[in-house]
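Below is one structure; the comments refer to it alone.
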Amino acid sequence: MKSSTVIRWQPIPEDRVHLPDILLSSGMFYDFEVDVALELLEDALLKGDKSEYMFAFADMEGKAMGYICYGPITMTQGRWDLYWIAVHQDARRKGIGMALLAAAGQKMKELGGQYLYSETSSRELYKPTRDFYVKAGFMKAATVPEYYAAGDHKVIYMKKLD
């Protein structure tokens, strides 16, 4: 990760602009998915520490260029969901995604987290995402056939937080 990149733990109102820019730069997300990501951000902005959605942002020169959203899984012990992780296309391949994941993983562990789960699509477009999870130490835990659409399976990954 570039030394000029700073991890920020609290969302700020300007993230309402930066977050869609990050997601849309990848070409991987539908507009309705960006809307959902903004809903989670809005929840965190309105509720602060009472929100079930936790964020970290990677800021470069005062602009969010990557983010992660995660939270504890209700009715489990020490299990957490990784809802979103994305890095702006212009900032990829600089270790930002791995740095966000490591920092958030440490926070989860401090809060009693034992395992982290994430899901993604089986579409070819998401192969770099699946490769990222494997490189980050996740194992493929399950595939749910035909989940998102015909021929588009949900692939679930898990990682022990250590």
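Of all DSSP bridge pairs formed entirely within the range 26-162, close to 85 percent run antiparallel. Compared with the alpha-carbon gap, the fully stretched path from Lys154 to Tyr30 is longer by 43.0 nm at 0.36 nm per residue. With 0.36 nm allotted per residue and the present C-alpha distance subtracted, the Asp49-Asp21 stretch has 7.6 nm of extension available.
Counting charges near Gly78 (Lys, Arg +1; Asp, Glu -1) among other residues having Cβ under 11 Å from its Cβ returns a value of +3. If I take all pairs of Cα atoms in the range 5-160, what percentage of them are more than 22 Å from each other? Of all Cα-Cα distances in the range 5-160, 40 percent exceed 22 Å. The lysine pair tally for the chain, using Cα distances under 14 Å and a gap of 8 or more places or different chains, is 13. Every helix of 4 or more DSSP H residues in the chain counts as -39500 (n - 2.57), and over all residues that averages to -10500 deg cm²/dmol at 222 nm.
In terms of packing, defined here as the mean over residues of other Cβ atoms within 10 angstrom, the peptides 68-74, 9-15 line up highest first as 68-74, 9-15. Taking other residues whose beta carbon is less than 15 angstrom from the beta carbon of Lys159, and scoring Lys, Arg as +1 and Asp, Glu as -1, yields +3. Each part reduced to its alpha carbon centroid, the range 23-62 and the range 109-162 end up 19 Å apart. Take 114-120, 28-34, 83-89 and order them by the average number of nearby Cβ atoms within 10 Å per residue, most first; the result is 83-89, 114-120, 28-34.
Just so you know, all these numbers are worked out from the coordinates, no wet-lab data involved. Remember, predicted model here, so these are calculated numbers, not experimental data. So basically every Cβ, Gly included, is an ideal-geometry build from the backbone, and we count neighbours across all protein chains shown.
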